[in-house]
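There's a structure below that I have some questions on.
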Amino acid sequence: MGDATEHQVKAGEHALGAAGQQSDRSRAEDDGAALSDAAPDDAGPAREAALRPDVSAPSPNAVEPRPDDHEAPRRERGKTVHGELANAGHRVLAPDDAEVEAYLETALNAPAPERPALDRPGGAVPRGEGSRGEPDTVVVLDFGSQYAQLIARRVRELHVYSELLPFDTPWPEIAKRHPRAIILSGGPSSVYETDAPRPDPAVWSAGVPVLGICYGLHLMARELGGDVVSVAKREYGPATITFSDDSPLFAGLGREQPVWMSHGDSIVAPPPGFRATAQTASTQFAAMADPLRGLYGIQFHPEVGHTPRGREVLRNFVMEIAGARPTWTAANFIESTIDEIRSRVDAQARDTGGDGLVICALSGGVDSAVAASLVHRAVGDRLTCIYVDHGLMRKKESELLRVTFEQSLGMRLVMVDARTRFLARLSGVTDPESKRRIIGDEFIRVFEEEAAKLGRIDFLTQGTLYPDVIESTTPETKAAQKIKTHHNVGGLPDDLRFTLIEPLRYLFKDEVRLVGLELGLPEAMVFRQPFPGPGLAIRIIGEVTAERLDTLREADWIVIDEIKAAGLYRSLWQSFAILTPVRSVGVMGDNRTYANVVAIRAVTSEDGMTADWAKLPYEVLGTISSRIVNEVPGVNRVVYDISSKPPATIEWE
């Protein structure tokens with residue numbers, strides 16, 4: 001049984017390190033600076049290497065799994081950990097650009113995106129390398145592990161393209177991807193159960209190297225003639241493994257290594273042709289191999305930070321045993337994506353007689369920013385970016401966006417000042433769901449007015465990421481799309497149809513950031529923490545007014561300012577202030593006060609679906625509190641939120 005209750009080993013495994021961060025007590029310099037000259041071409045690989053997360057040791061804030069033999073509530077694809085649809089209602093769980101895109105899809109009556117059955121990047125290999133012009137691919141089959149996406153990301157960190165597919169994907173579908181290797185993830189099941197998930201049997205005989213991890217190891221053993229049983233001496237947590245064979249999988253690792261285990265089943269007899277290659281105190285088959293058939297299995301989890309040299313194991317398998325080439329780089333991706341976008345837009349313009357006009361709604365987030373930059377390089381002034389300033393953004397963010405896109409990148413940018421309109425609609429509203437509905441509806445109305453001025457629209461650019469594509473393969477999310485609440489909208493032609501451009505649909509979030517840096521976007525935008533579509537409106541508990549927005553902006557500015565000054569900004573998933581509806585008694589000088597209470601929220605997370613409250617240093621919290629009380633009028637108390645998700649959400653509304 002693999003992956004038992006491991007879903008909270010996060011908190012820094014992917015957080016970008018503090019190296020190279022600015023200690024910017026004043027965010028004005030960081031957030032308002034003009035774009036610097038792009039780095040030389042040969043700086044790209046070095047920059048990417050420097051930005052790779054350091055997972056050689058566990059994070060001090062990591063929450064270790066509980067040592068029991070049942071998984072904690074596990075999020076099914078398309079569902080929350082409580083079993084609800086991830087897209088239930090109109091509320092989009094993913095932060096950042098997702099809600100803005102949901103508003104757009106509703107406004108334009110967009111159909112669900114129809115991607116080809118074989119949707120993978122083409123041309124992401126330098127010219128002259130390879131016959132198909134596609135990157136070498138590693139297929140990861142997902143057997144329900146909380147770490148399945150993490151395995152795919154670890155492979156990507158080797159600059160090798162990986163694709164995550166359901167465990168029961170038929171072999172012909174896998175074969176279309178021309179995989180150089182296949183990795184079988186862990187999972188919560190036991191292989192001897194009658195309904196245990198199994199792959200297409202052709203996986204074992206196709207001649208493609210296979211690596212089984214935890215449950216994947218047990219599958220390999222049982223399916224090929226070995227024996228797996230439940231054992232009394234189970235292993236959960238850290239263990240020491242001893243390598244007993246000169247297997248190429250463990251080349252360069254030495255004889256013993258600390259690893260992370262999570263299993264209640266063990267192999268008692270390997271299949272014919274296999275030999276044991278590693279042992280622990282509780283199992284003599286902690287790893288096995290049949291090199292002649294290219295089949296390898298390991299009991300431990302190489303993808304987590306608690307296995308310090310796990311990435312070397314993956315590198316040995318992917319690059320040495322399977323021979324995959326490290327061509328999946330930001331520079332290659334940018335070149336191939338720009339070529340693809342230009343070809344698509346030009347072809348449709350020729351076929352339809354249109355102009356190939358493209359729109360993109362900017363939210364200020366990194367996803368829409370990087371997507372817009374790629375499309376702009378491909379089609380130039382045929383792209384129009386629309387930014388709706390609803391007055392709910394943080395301090396100086398609208399100014400940064402204008403400087404970056406209009407002045408530095410030379411894009412056609414329509415900035416709509418709708419602050420008065422949004423505040424009027426929000427007047428007297430206190431219910432959080434009503435706030436979201438009103439903001440979404442007003443966004444649509446403003447967007448309709450601006451889009452109508454542009455004439456015929458052929459394409460809409462979206463910042464869809466690879467996890468969104470993975471989620472959309474489930475029946476629940478196919479039906480729900482991104483939202484399920486539809487607004488009655490007008491102002492656009494009833495027969496309006498357009499094609500989606502999703503230039504980031506192959507990328508994880510950390511890869512989007514690398515592409516953004518390669519494109520020359522400012523670090524303040526590239527490393528911006530996720531920010532909800534409704535903005536500060538859902539960080540003000542109660543009614544949203546101009547005065548309360550000003551109070552929250554100033555408090556939030558101080559929170560981010562001090563966290564950046566402490567070098568912690570990039571290690572956190574989100575950090576922000578909340579203006580509560582509570583007023584408390586205080587003493588300032590010789591006078592009693594009755595003023596607002598501000599809450600601080602800072603969390604670490606892998607993907608936003610689960611999160612742990614950040615253990616910020618007391619000195620940092622103390623400085624934040626002192627500055628807010630002294631510098632922000634109308635605030636006399638600051639509290640810190642120490643709730644994790646679940647049961648709490650990251651946002652308060």
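Of the residues 174, 213, which single one is open to solvent by less than 10 Å² (accessible area, probe 1.4 Å), within 24 Å of residue 269 (Cβ to Cβ) and β-branched (Val, Ile, Thr)?
Being open to solvent by less than 10 Å² (accessible area, probe 1.4 Å), within 24 Å of residue 269 (Cβ to Cβ) and β-branched (Val, Ile, Thr) holds for just one of 174, 213, which is 213.
Turning to a different aspect of this structure: Taking the stretch 433-453 only, how many residues are in contact (Cβ under 8 Å) with a residue 60 or more places away in the chain and either surrounded by fewer than 18 Cβ atoms within 10 Å (Cβ to Cβ) or among the charged types (D, E, K, R) (or both)?
Result for the stretch 433-453: 6.
From the list 264, 297, 237, which one is part of a strand (DSSP E or B) and in contact with a Lys or Arg (Cβ under 6 Å, 6 or more places away or on another chain)?
264
Something else about it: Residues being open to solvent by 30 Å² or more (accessible area, probe 1.4 Å), modelled with pLDDT of 90 or more, in a helix (DSSP H, G or I) and not basic (Lys, Arg): count how many of those fall in the stretch 421-432.
Residues flagged as open to solvent by 30 Å² or more (accessible area, probe 1.4 Å), modelled with pLDDT of 90 or more, in a helix (DSSP H, G or I) and not basic (Lys, Arg) within the stretch 421-432 amount to 2.
I would also like to ask the following. I need the full set of residues from the stretch 307-329 which are open to solvent by less than 10 Å² (accessible area, probe 1.4 Å) and part of a helix (DSSP H, G or I), in order please.
Residues satisfying the conditions are 310, 313, 314, 317, 318.
Right, residue 642: open to solvent by 50 Å² or more (accessible area, probe 1.4 Å), touching a residue at least 24 places away in the same chain (Cβ under 8 Å) and either in contact with a Gly (Cβ under 9 Å, 6 or more places away or on another chain) or not hydroxyl-bearing (Ser, Thr, Tyr) (or both) or not?
When the stated conditions are applied, residue 642 passes them.
Show the residue pairs meeting these rules: Cβ distance below 9 Å; 6+ apart or different chains; first residue within the stretch 391-411 and on the phi > 0 side of the Ramachandran plot; second residue outside any helix (DSSP H, G or I) and open to solvent by 50 Å² or more (accessible area, probe 1.4 Å).
That search, which allows pairs on different chains as well, returns 391/417.
Here's another thing I want to ask about it. Can you find a residue in the stretch 472-489 that is more than 21 Å from residue 363 (Cα to Cα), surrounded by 20 or more Cβ atoms within 10 Å (Cβ to Cβ), in contact with a Lys or Arg (Cβ under 7 Å, 6 or more places away or on another chain) and at pLDDT below 90?
For the stretch 472-489, residues more than 21 Å from residue 363 (Cα to Cα), surrounded by 20 or more Cβ atoms within 10 Å (Cβ to Cβ), in contact with a Lys or Arg (Cβ under 7 Å, 6 or more places away or on another chain) and at pLDDT below 90: present.
Let me ask something else. Take residue 225 and decide whether it is open to solvent by 30 Å² or more (accessible area, probe 1.4 Å), at positive phi and either at pLDDT below 90 or in a strand (DSSP E or B) (or both).
It is false that residue 225 is open to solvent by 30 Å² or more (accessible area, probe 1.4 Å), at positive phi and either at pLDDT below 90 or in a strand (DSSP E or B) (or both).
For the stretch 453-471, which positions are modelled with pLDDT of 80 or more and farther than 23 Å from residue 338 by Cβ?
Once the filter is applied, which keeps residues that are modelled with pLDDT of 80 or more and farther than 23 Å from residue 338 by Cβ, the stretch 453-471 yields 453, 455, 456.
Within the stretch 241-252, can you find the residues that are surrounded by fewer than 17 Cβ atoms within 10 Å (Cβ to Cβ) and either at pLDDT below 90 or touching a helix residue (DSSP H, G or I) at 6+ places or on another chain (Cβ under 7 Å) (or both)?
244, 245, 246, 248, 251, 252
Something else now. Among the residues of the stretch 269-285, are any surrounded by fewer than 21 Cβ atoms within 10 Å (Cβ to Cβ) and touching a residue at least 60 places away in the same chain (Cβ under 8 Å)?
no
Let me ask you something else. If you scan the stretch 264-283, which residues turn out to be touching an Asp or Glu at 6+ places or on another chain (Cβ under 6 Å) and under 24 Å from residue 305 (Cβ atoms)?
Listed by number, the residues that qualify are 264, 277, 282.
Now a separate question. Going by the conditions given, is residue 304 assigned to a loop (DSSP other than H, G, I, E, B), crowded, with 16+ Cβ neighbours inside 10 Å, out of contact with any Cys (no Cβ under 9 Å at 6 or more places or on another chain) and of a type in the set (A, V, I, L, M)?
So residue 304 passes the test.
In the stretch 173-208, what residues are more than 16 Å from residue 296 (Cα to Cα) and of a type in the set (Val, Ile, Thr)?
Hits for the stretch 173-208 are 174, 191, 194.
Among residues belonging to the stretch 368-390 that are touching a residue at least 40 places away in the same chain (Cβ under 8 Å) and farther than 30 Å from residue 424 by Cβ, point out the one that is surrounded by the fewest Cβ atoms within 10 Å (Cβ to Cβ).
Of everything passing the filter in the stretch 368-390, 377 is surrounded by the fewest Cβ atoms within 10 Å (Cβ to Cβ).
Further, regarding this structure: Mind listing whichever residues of the stretch 592-615 are among the charged types (D, E, K, R), more than 21 Å from residue 542 (Cα to Cα) and either in a strand (DSSP E or B) or touching a helix residue (DSSP H, G or I) at 6+ places or on another chain (Cβ under 9 Å) (or both)?
Within the stretch 592-615, 592, 606, 607, 612 qualify.
The values are calculated or read from the model by the stated rules, or taken from the named source; none is laboratory data. All values reported here derive from a predicted model rather than from experimental measurement. Glycine gets a Cβ as well: all are built from the backbone with ideal geometry, and neighbour counts include every protein chain shown. The area values use the complete protein model at the heavy-atom level, side chains included, leaving out ligands, DNA and RNA. Shrake-Rupley method; radii C 1.70, N 1.55, O 1.52, S 1.80 Å.
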